[in-house]
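First comes the structure, then the notes that go with it.
FYI, it's all coordinate maths here, none of it is from the lab. The model shown is predicted, which means the values in this text are computed figures rather than measured ones. Heads up, the Cβs are rebuilt from the backbone with ideal geometry, glycines too, and the neighbour counts pull from every protein chain shown.
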Ligand code: ADX
């Protein structure tokens, strides 16, 4: 639980309404939250979708776990408390991006259900759509792909608290979408997501 230290602060309302941004960008802001094991394909799917959407004339942006940990969250490790703070910060950032009208994709393991649900609640309170996508590629596939060699390190005992090996992953109970990247290519996953966004009325048909 984060300690609130900010006191004597007042919310300053913008005079620009959300509808004005929707009209300007010709799209609705949304957060598409990818969760799943390391190597499950979250970032690849998110980046393929980002590319497709930009080609179609939409403003889309990926907030990627590994990338964000190079900057904004470089002071966080992989303890439960640090992972919670990682997700809290990026949940807030995603909400701001979505409020700005951007189709925002986040690609974080985000292993704890409670932390993801908190981010969902934040979006609900802000009347912004939140779409949780469980990239539920089985650990066997993730480990056989092992794009960063981290499963090998974890199995060898050279990397502690690695998600799925000696650290927990709590699967979403009711994600909006489930994608197993063993059988679905990143292109097919991106098309599936576009179709879903159209059905939800977030993207025009
Ligand atoms: S999260 O659990 O806090 O959501 P995040 O998505 O930001 O994790 O970062 C995960 C990435 O960090 C992995 O894809 C991997 O490249 C790297 N990593 C380094 N150490 C670990 C670890 N102990 N557990 C999981 N991922 C790790």
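Structure notes:
- When the chain is treated as a GNM with alpha-carbon contacts under 10 Å, the residue of 118, 137, 35 showing the greatest mean-square fluctuation is 118.
- Take the Cβ atoms of residue 23 and residue 89, set R0 to 25 Å, and the FRET efficiency comes out at 0.25.
- Computed from Cα atoms, the angle from the helix 186-199 axis to the main principal axis of the chain rounds to 30 degrees.
- Where only alpha carbons of the range 141-205 are counted, the Rg and the Dmax (Å): 16.4, 50
- By the equivalent-ellipsoid construction on the alpha carbon gyration tensor, the range 1-51 comes out with semi-axes of 31, 24, 6 Å, ordered largest to smallest.
- Prolate/oblate/rounded label for the range 6-113 (Cα gyration tensor, a/c 1.5): oblate
- Percent of Cα-Cα distances greater than 21 Å, calculated over the chain: 54 percent
- When peptides 89-97, 196-204, 47-55 are sorted by average Cβ neighbour count within 10 Å, with the highest value leading, the order is 89-97, 47-55, 196-204.
- When each of 134, 12, 58, 183 is scored by the number of other beta-carbon atoms lying within 10 Å, the sequence from fewest to most is 12, 183, 58, 134.
- With Cα atoms, 0 to 90° folded angle of helix 42-55 axis to the chain main axis: 30 degrees
- The C-alpha atoms of the chain define a longest principal axis, and helix 113-125 lies at about 10 degrees to it.
- From least to most packed, judged by other beta carbons within 10 angstrom and beginning with the fewest, 185, 38, 110 follow the order 185, 38, 110.
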